[in-house]
1. For residues that are of a type in the set (S, T, N, Q) and without any contact (Cβ under 8 Å) to a residue 12 or more places away in the chain, scanning just the range 33-73, find the one that is most open to solvent (accessible area, probe 1.4 Å).
2. Taking the range 193-243, which residues are closer than 19 Å to Asp119 by Cβ and not hydroxyl-bearing (Ser, Thr, Tyr)?
3. For Cys76, all conditions in the list (1) at pLDDT 95 or above; (2) open to solvent by 30 Å² or more (accessible area, probe 1.4 Å); (3) within 23 Å of Ser92 (Cα to Cα); (4) not basic (Lys, Arg) hold save one; what is the number of the exception?
4. For Asp146, which of the numbered conditions (1) surrounded by fewer than 19 Cβ atoms within 10 Å (Cβ to Cβ); (2) at pLDDT 95 or above; (3) acidic (Asp, Glu) fails to hold?
5. Across the range 104-143, what is the total count of residues that are open to solvent by 60 Å² or more (accessible area, probe 1.4 Å) and either of a type in the set (Ser, Thr, Tyr) or more than 15 Å from the chain's Cα centre (by Cα) (or both)?
6. Of all residues in the range 176-199, which are over 16 Å from Val134 (Cβ atoms) and open to solvent by less than 20 Å² (accessible area, probe 1.4 Å)?
Amino acid sequence: MKRYKFNNLKDFDTNSQAACYLSGLNLPYKTLLALLKTNDFHLKHFALINLNSIDDQGMDLLFLNLTGQDGKIRECASSKIKDFISDNPKLSSYLEKHSDITAQSLNDINPQVCRNMVDALRYINNNDLFIEKVLKKINSIMNEVDITNAVKSYKFNKQIFNLYWNLYALENILHKQMKNPRQIFSLINTASKAGNYTIRERIAKIVLKMDSLGFDMAEYKKELSQDENFYVRVAISSSHIRG
C-alpha cells in the first residue's frame, strides 16, 4: 500500500488510483481499524465507509473520530455510530461510556453530525445522565444570549443553532421517571417565548413528548397552538412525537 499515499491533494490521478486500489482489496476488519487510527483523511474516510461490522475497539475508535477531525470524518463516524446502535441497541452503552464526547457532538458545526447523534440518543438507557448534560448546555446558552430577541449576529446564530440541537436531543431522552421534571417546565416557560420560531417549534415537540409521558401540558399546548408562526402551530398539533 506504500505506493499509494494520499499526501498530495492536488494530485487527482494519484488519489483516484489509490482509491480504486483500496476499493478492490476488500480489506479485513483489523486493517480498517488500523486505518481509522491514521491521520490521513482519505484512509480514515475509506475505512469508515467500508466498516460493516463493529466490536468494542471499533466503537471506541468511532467516538474518538467524532472530535478533532475533518467535518466529513465526523459526519461519517456519527452516521456509523447511529447505524450500529440502531441495529444493536445494546451498543448504546458506548454513548454513556463516551458521554462527554456525545454531549460535545450535539454542538458540532456540521448539522448532520448533530442529527445522527440525536437519533442515536433515542436508544440510551441512562437518560438522566444526558438530561443533566443537555440541560447544562441549554441553560448555559440561555444565560449567554437573550433568546427572546432574535438579532443578526454570528454569535447569536451559533448559539441558536446549538440550542436547537440540544432541545432536539432533550426531546429524545425525556422519560416518565426523570429526576427533576420541574427543570423541563422551567425551560418550556422560557424557551416558548424565544424570538426564533425554530426554537419554539422544538419546544412544541418537547411539550408533546411531555404530554405523551402523562404530564399536564394543556396550558402549553393551548399557548403554542396560537403561536404566530405556522410551523409552530403545525408542530404542536402534530399527532406524532418524532419530527
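1. So the residue we want is Asn39.
2. Glu201, Arg202, Lys205, Ile206, Leu208, Lys209, Ala235, His240, Ile241, Arg242, Gly243
3. Unmet for Cys76, out of (1) at pLDDT 95 or above; (2) open to solvent by 30 Å² or more (accessible area, probe 1.4 Å); (3) within 23 Å of Ser92 (Cα to Cα); (4) not basic (Lys, Arg): (2).
4. Only one criterion in (1) surrounded by fewer than 19 Cβ atoms within 10 Å (Cβ to Cβ); (2) at pLDDT 95 or above; (3) acidic (Asp, Glu) is unmet by Asp146, namely (2).
5. 6
6. Ser192, Ala194, listed by residue number.
The values are calculated or read from the model by the stated rules, or taken from the named source; none is laboratory data. Here the structure is a predicted model, which means the values were calculated and not measured. Heads up, the Cβs are rebuilt from the backbone with ideal geometry, glycines too, and the neighbour counts pull from every protein chain shown. When the accessible area is computed, the model is the full protein with side chains, heavy atoms only, and any ligands, DNA or RNA have been set aside. Shrake-Rupley method; radii C 1.70, N 1.55, O 1.52, S 1.80 Å.
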